[in-house]
Amino acid sequence: METPLDTVPHLTDASKRLAQRALVICENRVELLMVEVQEERERFLRAVVLALGAVIFGLLAGAGLTAVIAVVFWQQSPIAALLILTALCVVVATVLYVRLIRLQRDWQTLPTTLDQLRKDRECLEKNLN
């Protein structure tokens, strides 16, 4: 039969192994988080550049369309020309607003990291119970 002094080294070794494994798991999770943050940053920058391009060319196209509508309809009715332009702007603004709301609703930040942390918690709860 082992004496209490004989179990102390076993407990110490087990505690060290447990601590090492916990540190390895934490290191892996931090690395995963860093990779996902980098991906999110790149995705955000790409989205900003594309949005700026779309805004610039959208403004140019809108200015051209405004000039065409104003020239075509101004002789017949200046009020009708302005109403057509206003209606067109309202429709475009509404469509863009709806798409923005949909994008915000479906946005997920760091989904893989959160999923992995959820799995870690479930595994830990299962092993502790």
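The values are calculated or read from the model by the stated rules, or taken from the named source; none is laboratory data. These numbers come from a predicted model, not from an experiment. Positions of Cβ are generated from backbone atoms using ideal geometry, with glycine treated the same way; all protein chains shown enter the neighbour counts.
Being within 30 Å of residue 25 (Cα to Cα) and assigned to a helix (DSSP H, G or I) is the requirement here; does residue 117 meet it? It is true that residue 117 is within 30 Å of residue 25 (Cα to Cα) and assigned to a helix (DSSP H, G or I). Across segment 93-110, the number of residues qualifying as in contact (Cβ under 8 Å) with a residue 24 or more places away in the chain and either of a type in the set (A, V, I, L, M, F, W, C) or in a helix (DSSP H, G or I) (or both) comes to 1.
Looking only at residues in segment 107-116 that are under 9 Å from the mean Cα position of the chain (by Cα) and not aliphatic (A, V, I, L, M), the one that is modelled with the highest pLDDT is 111.
Table: residues versus (1) assigned to a helix (DSSP H, G or I); (2) without any contact (Cβ under 8 Å) to a residue 60 or more places away in the chain; (3) surrounded by 11 or more Cβ atoms within 10 Å (Cβ to Cβ); (4) over 14 Å from the mean Cα position of the chain (by Cα).
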position	(1), (2), (3), (4)
15	yes, yes, no, yes
21	yes, yes, no, yes
29	yes, no, yes, yes
36	yes, no, yes, no
40	yes, no, yes, no
44	yes, yes, no, no
50	yes, yes, no, yes
